[in-house]
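Take a look at the structure below.
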Amino acid sequence: MATPTVRLISECFIKPKFTSEETKEPCYLAPWDLAMLSANYIQKGLLYRKPHGANADDPNFMATFLDRLKDSLALTLDHFYPLSGRLATKKEDSTSPPSYVIFVDCNNNSSPGAKFIHAAADMTVSDILSPIYVPPVVYSFFDHDKVINHDGHTLSLLSIQVTELVDGIFVGCSINHIMVDGTSFWNFFNSWSEVFMAQLQGKNNISLSRPPVLNRWFPDGYGPIINLPFTHHDQFISRFEAPLLKERIFHFSSESIAKLKARANAECNSNKISSFQALSALLWRSITRARSLPDEQETSCRLAINDRTRLDPPLPENYFGNSVQTVRGVTTAGELLEHDLGWAAWLLHQAVVGHTDNDVRGWLDSWFETHFIYQLGQFFDPNSIMMGSSPRFNKYGVEFGLGKGLALRSGYAHKLDGTVSCYPGREGGGSVDLEVCLPPNSMSALESNLEFMEAVSFSP
């Protein structure tokens, strides 16, 4: 069967509806942001059922829907105006030392704005959700495929693609990872939906329930202008091609996760292991077993962690930008599989609780000494796993008047051997969906793992 193709129907650029002198000022970037220069955009989206009768009863449904999306996006960009800008580099070779500064040019006159795409595919909702593995065509539901964040010098920092299916609609959002981490990404997506719904209800003077804090935070004595020790971008960017992978969504009910948590705590005689730590430990052990690693092979489980609450004093919850790192549990494959689930979960628990203000500031001090830029090919270890995103984000709150989304999906970005993206389950209540990427042989072995598959639940 031929792979379905996605047809481009139209594209345009959206600018903030209102501008002020403040919105023309450069947005300088913090260490957490600049470290992402060679990573991919964040690409997440939701699949919706097309309203009943949208095709026959209201032939203008899509045109009206798209106009409302564009108008509400322009209003939302008033609050998130840096997303309508472009990256810019200012170099001074004649100074000592030479100056190399990357920032966001927010000037409305120098950027066409955020990109908005209308596309279509002759596919149904079932074509997306029925296969065991996520069909590769889903990657085509997102713009900026395989680009890296530094490309934001010439490409939009935000791109929305609305793909019309036979009986559904997919809204894919791609945002430059220099601009946002997961917390900021979902705050923007939810804010846009909030503005859309307020306009649909005829409200004026719309205010956001979680307005972003746009001013970047810098440690005392640093910023806002950071001079990078480079003379050309070839010195710090690289492009990484992912290996052949299978991608599957595994669902875990709240009951299944509660059992995992209780088991992990009982096995390590504790009550401190969280649900997510227990679930991550199960994935770590199961994928390590599926890979048949030598006993002496070092393996780790990385967890993305929000630094906002780790700093003292903490950053605002709505701080807009990156404030994220990873922590990890480390052991050998032999040790990990010789011990039980609780032992592995305790390693992860210690890594999480040990990440304090001192650790965050130590990372920042180290960054100012090295100015290192994450390289995907080096950051991801094929003997380890990376638990990214978070089931705590309000992902199904993004509705755009279409009702609750049917499913969450993501683009090509950051798909490597052992990456796991964590989503809330659609039914809520503490359920979780895990998007797991593995080579075909490892995926088959994981699916044959009785301990793992017994914890997997039927997706309602």
> Any idea which of (1) within 20 Å of the chain's Cα centre (by Cα); (2) open to solvent by 80 Å² or more (accessible area, probe 1.4 Å) is the one residue 269 doesn't satisfy?
Replying inline: (1)
> Hey, any hits in the stretch 354-375 for a residue that's under 27 Å from residue 452 (Cβ atoms), among the hydrophobic types (A, V, I, L, M, F, W, C) and at pLDDT 95 or above?
Replying inline: no
> Only one of (1) crowded, with 17+ Cβ neighbours inside 10 Å; (2) in contact (Cβ under 8 Å) with a residue 60 or more places away in the chain; (3) closer than 24 Å to residue 427 by Cα is not met by residue 261, so which one is it?
Replying inline: (2)
> Counting just the residues of the stretch 8-59 that are touching a residue at least 40 places away in the same chain (Cβ under 8 Å), part of a loop (DSSP other than H, G, I, E, B) and of a type in the set (S, T, N, Q), which one comes out surrounded by the fewest Cβ atoms within 10 Å (Cβ to Cβ)?
Replying inline: 19
> Taking the stretch 75-117 as the search range and keeping residues that are touching a strand residue (DSSP E or B) at 6+ places or on another chain (Cβ under 6 Å) and among the β-branched types (Val, Ile, Thr), which one is farthest from residue 144 (Cα to Cα)?
Replying inline: 101
> If you go through the stretch 200-214, how many residues are open to solvent by 40 Å² or more (accessible area, probe 1.4 Å), part of a loop (DSSP other than H, G, I, E, B) and modelled with pLDDT of 95 or more?
Replying inline: 3
> Of the residues 238, 323, 256, which single one is buried (at least 23 other Cβ atoms within 10 Å of the Cβ), polar (S, T, N, Q) and either out of contact with any Gly (no Cβ under 9 Å at 6 or more places or on another chain) or closer than 30 Å to residue 214 by Cα (or both)?
Replying inline: 323
>> Every residue in the stretch 296-315 that is within 24 Å of residue 330 (Cβ to Cβ) and touching a residue at least 40 places away in the same chain (Cβ under 8 Å), please.
In response: 297, 298, 299, 300, 301, 302, 303, 304, 305, 306, 307, 310
> Quick one: how many residues across the stretch 379-415 are touching a Phe, Trp or Tyr at 6+ places or on another chain (Cβ under 9 Å), polar (S, T, N, Q) and farther than 30 Å from residue 193 by Cα?
Replying inline: 1
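Considering only residues that are aromatic (Phe, Trp, Tyr) and either crowded, with 20+ Cβ neighbours inside 10 Å or on the phi > 0 side of the Ramachandran plot (or both), which ones fall in the stretch 326-364?
346
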>> Need pairs with beta-carbon distance below 6 Å; first residue farther than 21 Å from residue 312 by Cα and within the stretch 331-360, second of a type in the set (S, T, N, Q) and in a helix (DSSP H, G or I); sequence gap 6+ or separate chains.
In response: 333/288; 336/288; 345/277; 348/277; 348/280
> Could you say which residue among 180, 195 is in contact with a Phe, Trp or Tyr (Cβ under 9 Å, 6 or more places away or on another chain) and of a type outside the set (S, T, N, Q)?
Replying inline: 180
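One residue is enough: does the stretch 82-93 have a residue meeting the conditions in a loop (DSSP other than H, G, I, E, B) and either of a type in the set (A, V, I, L, M, F, W, C) or farther than 29 Å from residue 236 by Cα (or both)?
No, the stretch 82-93 has no match at all.
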> Mind checking which residues of the stretch 167-191 are open to solvent by 10 Å² or more (accessible area, probe 1.4 Å) and over 19 Å from residue 400 (Cβ atoms)?
Replying inline: 177, 182, 183
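Suppose we filter the stretch 445-460 for residues that are more than 16 Å from residue 284 (Cα to Cα) and either of a type in the set (Ser, Thr, Tyr) or buried (at least 18 other Cβ atoms within 10 Å of the Cβ) (or both); how many remain?
Final tally of qualifying residues: 2.
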> Under the condition of being open to solvent by 10 Å² or more (accessible area, probe 1.4 Å) and among the hydroxyl-bearing types (Ser, Thr, Tyr), which residue from the stretch 93-125 is farthest from residue 23 (Cα to Cα)?
Replying inline: 124
> When residue 367 is evaluated against the numbered criteria (1) open to solvent by less than 40 Å² (accessible area, probe 1.4 Å); (2) touching a strand residue (DSSP E or B) at 6+ places or on another chain (Cβ under 7 Å); (3) more than 20 Å from residue 387 (Cα to Cα), which criterion, by number, is the only one it fails?
Replying inline: (2)
> If you check 391, 382, which single one turns out to be touching a Gly at 6+ places or on another chain (Cβ under 7 Å) and of a type outside the set (Gly, Ala, Ser)?
Replying inline: 382
> Do we find a residue being basic (Lys, Arg), modelled with pLDDT of 95 or more and either open to solvent by 30 Å² or more (accessible area, probe 1.4 Å) or at negative phi (or both) anywhere in the stretch 378-392?
Replying inline: no
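The values are calculated or read from the model by the stated rules, or taken from the named source; none is laboratory data. Given the structure is predicted, the values throughout are model-derived calculations rather than measurements. Here Cβ is always computed from backbone atoms with ideal geometry, including for glycine, and neighbour counts include all displayed protein chains. Quick note on the areas: whole protein, heavy atoms, side chains included, nothing else; ligands and nucleic acids left out. Shrake-Rupley method; radii C 1.70, N 1.55, O 1.52, S 1.80 Å.
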